[in-house]
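First comes the structure, then the notes that go with it.
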Amino acid sequence: MPMLHTVNKSPFERRTLDTALRHAVKGAAILLIEDGVYAAFDGTVVAEKVKAALADHKIYVLGPDVAARGMSEHHVIEGIGVVDYGGFVDLVTEYDKVQSWL
Amino acid sequence: MAEPWEDDELEGPVRKFMYVNRRAPYGTIYALESLEVVLIAAAFEQDVTLVFMDDGVYQIKKDQNTDAIGVKNFSPTYRALEGYDVEKLYVEKESLASRGLTTDDLIVPVQLVDKDQLAQLMEEQEVILSF
Amino acid sequence: MKLSVLVNEGPYQHQSADSAIQFTKAALERGHEIFRVFFYHDGVNNGTRFAVPPQDDRNITQEWTALAKEHGLDLVVCIAAAQRRGILDENEAKRQGKDGNNIADGFRISGLGQLIEAGIQSDRMVIFGD
């Protein structure tokens, strides 16, 4: 299995998501946590880019960070998986290694 | 007398470690403290690869002069890495070019890789420490 | 699986310490082993027992201490980063001629080699930071 990339920065303020996507090989997964979760929603200026990335990557978002920020899981882009911390742990073990793009 | 942090004795397999430097020096401490990790790591005789990408390429910019900011210039230490057998230094081509720099601007010899080669190189690692 | 966690930011300033705690708890609940939690950069500030957050706020250091007690977690604060930031245990306070120490229960101060060892010994390393 390729690796899991975690992104914890808002895509509206930082370029971390772009950097992660540029360096994720096909089949690698992306997990959005902390302020990174803002990339997961429909109707934003980055939504099209994230949808396009779904062709090559599984993308996940950390549900507790979504809820904490008053965002709705219903508005998460279709195809993005919502996981809890247990799911985060499962992704870490399922993929070969983790690259945390800080 | 040995410092306490020099007591670490280890056994185990050699693993492929990659240190990913993505931050500029001086503005924050990450560059300096990640260099400190690399220097310690060298003593463990692991397979070490260093990558400079994004603003991390500024860490190895020539001609750093910190006299007037009151902070130690640690850039000469990168030149000492070879003496620690840390010889695999990669710079991402796109990061360098987008900042208007070339390898002539760098204080150490590096191998240039494009983003796809770098992505592949990352996949070949066992442990990635990103700073 | 054997997992290690690296925490690179101090508590409260950034969510990373909270994320690391939640991740660590979930990993333990899943039956994984946490080989080590290593604190680096401002992350060493997780290890001071002198922090007094408001009573209605979580106490991050105490949460780490409780996890360490319950699960025998190895919480290691980097000595070089700790010295810069004034985090001392009894030995270090003595060595540096300081009038007291502030390390919290369950934490120990040691070298960066402990981070490299965690990388060698663990199946996965997960980093939390800014």
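Where a number appears in this text, it was derived from the coordinates with a stated rule and is not lab data. What you see is a predicted model; the values in this text were computed from it and never measured. All Cβ positions, even for glycine, are placed from backbone atoms using ideal geometry, and neighbour counts span all protein chains on display.
Observations on the structure shown:
- The strands (runs of 3 or more DSSP E) found entirely in the range B:61-131 that carry 3 or more residues being more than 14 Å from chain C (Cβ to nearest Cβ) are B:88-92, B:111-113.
- Looking across the range A:10-61, the residues that are among the hydrophobic types (A, V, I, L, M, F, W, C), buried (at least 20 other Cβ atoms within 10 Å of the Cβ) and part of a loop (DSSP other than H, G, I, E, B) come down to A:ALA24, A:ALA28, A:ILE33.
- Residue check for B:VAL110: in contact with a Gly (Cβ under 9 Å, 6 or more places away or on another chain), aliphatic (A, V, I, L, M) and closer than 30 Å to A:LYS26 by Cα: no
- Looking across the range A:79-102, the residues that are in a loop (DSSP other than H, G, I, E, B) and either under 15 Å from A:VAL7 (Cα atoms) or free of Cβ contacts under 8 Å to residues at least 12 places away in the same chain (or both) come down to A:ILE80, A:LYS97, A:LEU102.
- Among residues of the range B:20-29, those that are surrounded by fewer than 23 Cβ atoms within 10 Å (Cβ to Cβ), within 14 Å of chain C (Cβ to nearest Cβ) and either of a type outside the set (A, V, I, L, M) or touching a residue at least 40 places away in the same chain (Cβ under 8 Å) (or both), counted: 3
- With respect to the conditions (1) crowded, with 24+ Cβ neighbours inside 10 Å; (2) part of a helix (DSSP H, G or I), C:SER4 lacks only one, and its number is (2).
- Matching residues in the range C:71-112 - criterion: being part of a strand (DSSP E or B) and surrounded by fewer than 19 Cβ atoms within 10 Å (Cβ to Cβ): C:ARG108
- Subset of the range A:62-97 [facing chain C (nearest Cβ under 8 Å), surrounded by fewer than 22 Cβ atoms within 10 Å (Cβ to Cβ) and of a type in the set (Val, Ile, Thr)]: A:THR93
- Reported count of residues in the range C:29-70, each being in a loop (DSSP other than H, G, I, E, B), out of contact with any Lys or Arg (no Cβ under 8 Å at 6 or more places or on another chain), within 14 Å of chain A (Cβ to nearest Cβ) and not charged (D, E, K, R), is 2.
- When residues in the range C:113-129 are screened for being outside any helix (DSSP H, G or I) and either over 16 Å from the mean Cα position of the chain (by Cα) or more than 8 Å from every other protein chain (Cβ to nearest Cβ) (or both), 3 of them pass.
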